[in-house]
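Remarks on the structure that follows.
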Amino acid sequence: MTPLSTVLITGASTGIGASYAERFAHRGHDLVLVARDHTRLEALAQRLREEAGVGVDILPADLTLADDLATVESRLREDTRIEILINNAGAALSGQFVDQSTEAVAQLVSLNTVALVRLASAIAPRLAAAGKGSIVNVGSVVGLAPEYGMSVYGATKAFALFLSQGLSLELSPKGVYVQAVLPAGTRTEIWGRAGIDIATLPDLMDVDELVDAALVGFDRKELVTIPALHVAARWNALDVARQMLLADIKQANVAEHYRPDL
C-alpha cells in the first residue's frame, strides 16, 4: 500500500496546530511539527507516535528569526515526502494601533505574513511540479471585519485569505489544492499571549471542533472554510458581489461621479 503523504504543521505545539497534528496522525500521516517550544513538541510527538504509530519529526523554530525560518523552508523544499503544509503559526496583538509599539507590530507582521508566504513559496514549486499536494493557510474572520478593532492582526489575516485565493487560481490547475481556514474566536493560548483575558470572551469555539470542521472543508476541497458561518450562502453572496464590483471597474475613464466638472 502506498504510504500517505507527510504533513508539516507550524504552530504545532498547542491549540489549532496540535489538534491538526492529532487528526492527521490518526489518519495515518507522518508529521513534521514546527514550533518554538521544544519540550511541548517532543511530548506531543511521543504521544502521537505511541497512539497512532506514525513517524513524527520535530523541528523547533521561531519563525520570526531568519535562520530558523530558513531551516523550515529548506525542509519544505528538500523533503519530497511532505505534500501538505498547514500554515498555522500566528499571533495576535491587543490594544489600539496608536498604543502598539512599532517593534511589536513588525514582529506580528513578520510571523503572520512573511513566514506564511515564505513557507508557501518554499513548497509550492515542488508541489506544482509533482502535480499534487495541499497548502492550508489559517486566517481569521477578523480579516473580514475592521470593525473588530484589531487593525494589524486583521490586516495580516486578510493577507492570508487573499494569498490563498490567488494561489488557488494559479496552483489548482496544476493539481495543488489551497485552502483558507477562517476561524472565529477559538479557545487557544493566542489570547493570553496577546494580553487578553480569555475569561472575558464569551462563546469561544473548542479547538478540536474547529479543526474537525476545517478538515471537512479540506476533504471537500473548499477554497474558503469558515467553521462558524452558519449561513454558507453569505460567503457565496460576498464573493459574487466582489466579482460584480470588479466588472464595474473600467479603468480607461474616470467614473462619472468623480469628474470635477459635475
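With under 18 Å from ILE84 (Cα atoms), touching a Leu at 6+ places or on another chain (Cβ under 7 Å) and open to solvent by 10 Å² or more (accessible area, probe 1.4 Å) as the only criterion, which of ALA124, ALA115 stands out?
Within the list ALA124, ALA115, the selection yields ALA124.
Can you name every residue in region 141-162 that is surrounded by fewer than 21 Cβ atoms within 10 Å (Cβ to Cβ), within 13 Å of the chain's Cα centre (by Cα) and more than 22 Å from GLU209 (Cα to Cα)?
Scanning region 141-162 gives ALA158, PHE159, PHE162.
If you check PRO227, PRO260, which single one turns out to be at pLDDT 95 or above and in a loop (DSSP other than H, G, I, E, B)?
Just one listed residue meets the conditions, PRO227.
Somewhere in region 30-39, is a residue within 21 Å of the chain's Cα centre (by Cα), in a helix (DSSP H, G or I) and under 27 Å from LEU204 (Cβ atoms)?
Looking for residues that are within 21 Å of the chain's Cα centre (by Cα), in a helix (DSSP H, G or I) and under 27 Å from LEU204 (Cβ atoms), one finds none in region 30-39, hence no.
Could you say which residue among VAL240, VAL216 is open to solvent by 70 Å² or more (accessible area, probe 1.4 Å), modelled with pLDDT of 90 or more and out of contact with any Pro (no Cβ under 8 Å at 6 or more places or on another chain)?
VAL240
Which residue, of ALA25, ALA18, ALA12, is assigned to a loop (DSSP other than H, G, I, E, B), among the hydrophobic types (A, V, I, L, M, F, W, C) and within 18 Å of PHE218 (Cβ to Cβ)?
ALA12
Let's see how each residue does on (1) in contact (Cβ under 8 Å) with a residue 40 or more places away in the chain; (2) out of contact with any helix residue (DSSP H, G or I) (no Cβ under 7 Å at 6 or more places or on another chain):
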position: ASP67; (1), (2): no, yes
position: VAL72; (1), (2): yes, no
position: ASN87; (1), (2): yes, no
position: ALA91; (1), (2): yes, no
position: LEU111; (1), (2): yes, yes
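Looking only at region 81-102, which residues are open to solvent by 100 Å² or more (accessible area, probe 1.4 Å) and not aliphatic (A, V, I, L, M)?
Listed by number, the residues that qualify are ARG81, GLN96, PHE97, ASP99, THR102.
Which number in (1) of a type outside the set (Gly, Ala, Ser); (2) touching a residue at least 12 places away in the same chain (Cβ under 8 Å); (3) open to solvent by less than 70 Å² (accessible area, probe 1.4 Å) marks the one condition that HIS38 misses?
Exception for HIS38: condition (3).
For region 178-195, indicate whether the set of residues that are part of a helix (DSSP H, G or I), at pLDDT below 95 and among the hydrophobic types (A, V, I, L, M, F, W, C) is non-empty.
yes
Which numbered condition trips up PRO60, out of (1) touching an Asp or Glu at 6+ places or on another chain (Cβ under 8 Å); (2) open to solvent by less than 30 Å² (accessible area, probe 1.4 Å); (3) over 28 Å from ASP219 (Cα atoms)?
Failing condition for PRO60: (2).
Conditions: (1) at pLDDT below 95; (2) open to solvent by 50 Å² or more (accessible area, probe 1.4 Å). ALA255 meets all but one. Number of the miss?
Unmet for ALA255, out of (1) at pLDDT below 95; (2) open to solvent by 50 Å² or more (accessible area, probe 1.4 Å): (2).
The values are calculated or read from the model by the stated rules, or taken from the named source; none is laboratory data. Nothing here was measured: the structure is a model prediction, and the numbers come from that model. Here Cβ is always computed from backbone atoms with ideal geometry, including for glycine, and neighbour counts include all displayed protein chains. Areas reflect the complete protein model, heavy atoms only, side chains present, ligands, DNA and RNA absent. Shrake-Rupley method; radii C 1.70, N 1.55, O 1.52, S 1.80 Å.
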